[in-house]
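The values are calculated or read from the model by the stated rules, or taken from the named source; none is laboratory data. Computed from a predicted model, the values in this text were never measured in an experiment. Cβ: placed from backbone, ideal geometry, glycine included. Neighbour counts: every protein chain shown. Only protein heavy atoms, including side chains, enter the accessible area calculation; ligands, DNA and RNA are left aside. Shrake-Rupley method; radii C 1.70, N 1.55, O 1.52, S 1.80 Å.
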Amino acid sequence: MPLYLPPSKAKPPPPPLRTDDRRAVLVGLAVWGVLLLVALVVPEVRDTGEGRWLGSCIAGIALGLVGLAHVHRRERRAARRAADGARGRDGSARGAAQRGPGAT
């Protein structure tokens, strides 16, 4: 098996897979939420005197919320690009009508 293929012999890359990133982030948020409840309810964890367990759970939830906002923003941006691409291909203003007045 050769280590290098000239571009003329290389296969085209496969199309990117569509994934549901929002579901993955929501599952992570749910796990951190359950762990936070466990850290608050179980006395051995709650009464250690260190805030490590609670702090870790709160940080996990906060970062999950940041991730959820990022996924939402990225999906909205991709939908806007797709609408602009559809409008540009057939020459109609269908993409602008979907976004509404005043949208860029």
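Descriptive notes on the structure:
- Condition check for residue 40: within 25 Å of the chain's Cα centre (by Cα), at pLDDT below 95 and not hydroxyl-bearing (Ser, Thr, Tyr): no
- For segment 58-89, the candidate set comprises residues that are open to solvent by less than 90 Å² (accessible area, probe 1.4 Å) and over 17 Å from the mean Cα position of the chain (by Cα); within that set, the residue that is modelled with the lowest pLDDT is 88.
- Segment 39-57, subset in a helix (DSSP H, G or I) and out of contact with any helix residue (DSSP H, G or I) (no Cβ under 7 Å at 6 or more places or on another chain), residue surrounded by the most Cβ atoms within 10 Å (Cβ to Cβ): 56
- First in segment 63-87 and closer than 19 Å to residue 16 by Cα, second anywhere and at pLDDT 90 or above, Cβ under 7 Å, 6 or more apart: 71/21; 71/22; 71/25
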